[in-house]
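One structure is given here, and the rest of the page talks about it.
The values are calculated or read from the model by the stated rules, or taken from the named source; none is laboratory data. Remember, it's a predicted structure, so these values are computed and weren't measured experimentally. Counting neighbours? That spans all protein chains shown, and the Cβs are built from the backbone with ideal geometry, glycine included.
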Amino acid sequence: MMDIMIRPDATLSAACSSDAAEGASRSVVTAIRRITHRPDGVSAADRMVPEETPIALSYSGTTHAVMMASPADFEDFALGFSITEGIVASAGEIDAVEVQDLGAGIDIQIRLHDAANRRFEARRRRLAGPVGCGLCGIESIEEAMRSVAIVGASKVNLTPDDITRSVRLLSGLQPLHRQTGAVHAAGFYVPGQGVVAAREDVGRHNALDKLAGALSRAGTAGAAGAVVVTSRVSVEMVQKTASIGSPFIIAVSAPTALAIRTAQAAGVTLVALVRGDDFDIFTHSHRVVSGGARHVA
């Protein structure tokens, strides 16, 4: 069981999160005064905008990556990033997570079990070059193009109604987006149950990492359903979906060519450009089956 410790800076604003263990003391949105230009005139008004904060993910006291992210769901982020980046295989390999608010940003200190820490240190020694910021702070081209997890045989098949419904259901689970119109969401759709978990963030990769952490904490198997995202599909989104073990990634926007090739190799069904009842299937179309509409809450 992970130990979770929060060290907030008392001078910061009160937490917006309803989960005290997740909130530290950062607001995820801020009201900003702006001048609106409209056909009927010009006026001053407030608009809610999302906060974007540097969040460091550190292992054994050494920073591995710094992400610009929404300051919320820190435990989910720590666990999900560790899983989707292949640092740990499960939550059981993490001893403790400590969230430190440094004022200029958040430092998430993650302590690994001995065996996991030895693997991580060996991995770091294999990588060459300075830390980059293009792809989750990873350190080499070799690491960026790492072998993708292969999704095994899955019993999950989705109907066209499941696919379009998953996107509609996710749109109702985005309170931060409703406030700001400026964040991404990732959700997990289970046939017969609906979207059982969702997370939002200013970064699409961060939202998916936080979803992965939430699923792991809840004991929800990735093979049980589909990842649904509000963004385009990059290769990293496919890599993270495969690491979760989900046989589906469903997106409202388009995929890249490398994402399609990676999904094909990983055994992931990639469905994109879901607009109303329309969508395109790019890989492993056998999992999309005809059938009567299945209505879920």
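Could you say whether any residue in the range 55-63 is out of contact with any Cys (no Cβ under 9 Å at 6 or more places or on another chain), within 27 Å of ILE32 (Cβ to Cβ) and part of a strand (DSSP E or B)? Yes: one or more hits. Among the residues of this structure, GLN264 does not count as one that is at pLDDT 95 or above, buried (at least 18 other Cβ atoms within 10 Å of the Cβ) and not acidic (Asp, Glu).
Of the residues that make up the range 160-172, is at least one more than 24 Å from VAL289 (Cα to Cα) and within 15 Å of the chain's Cα centre (by Cα)? So far as the range 160-172 goes, no, none of its residues is more than 24 Å from VAL289 (Cα to Cα) and within 15 Å of the chain's Cα centre (by Cα). Looking across the range 172-193, the residues that are touching a residue at least 24 places away in the same chain (Cβ under 8 Å) and out of contact with any helix residue (DSSP H, G or I) (no Cβ under 8 Å at 6 or more places or on another chain) come down to LEU173, GLN174, PRO175, LEU176, HIS177, GLN179, THR180, ALA182, GLY192, GLN193.
If the condition is being surrounded by fewer than 20 Cβ atoms within 10 Å (Cβ to Cβ) and over 16 Å from GLY245 (Cα atoms), then the range 151-163 contributes THR159, PRO160, ASP161. Taking the range 262-287 as the range and being assigned to a strand (DSSP E or B) and either among the aliphatic types (A, V, I, L, M) or out of contact with any helix residue (DSSP H, G or I) (no Cβ under 6 Å at 6 or more places or on another chain) (or both) as the test, the residues that pass are LEU270, VAL271, ALA272, LEU273, VAL274, ARG275, ASP278, ASP280, ILE281.
Quick check on the range 204-224. Is at least one of its residues touching a strand residue (DSSP E or B) at 6+ places or on another chain (Cβ under 9 Å), crowded, with 24+ Cβ neighbours inside 10 Å, part of a strand (DSSP E or B) and in the same structural domain as HIS184 (by TED's automatic domain parsing)? Scanning the range 204-224, I find no residue that is touching a strand residue (DSSP E or B) at 6+ places or on another chain (Cβ under 9 Å), crowded, with 24+ Cβ neighbours inside 10 Å, part of a strand (DSSP E or B) and in the same structural domain as HIS184 (by TED's automatic domain parsing), so the answer is no.
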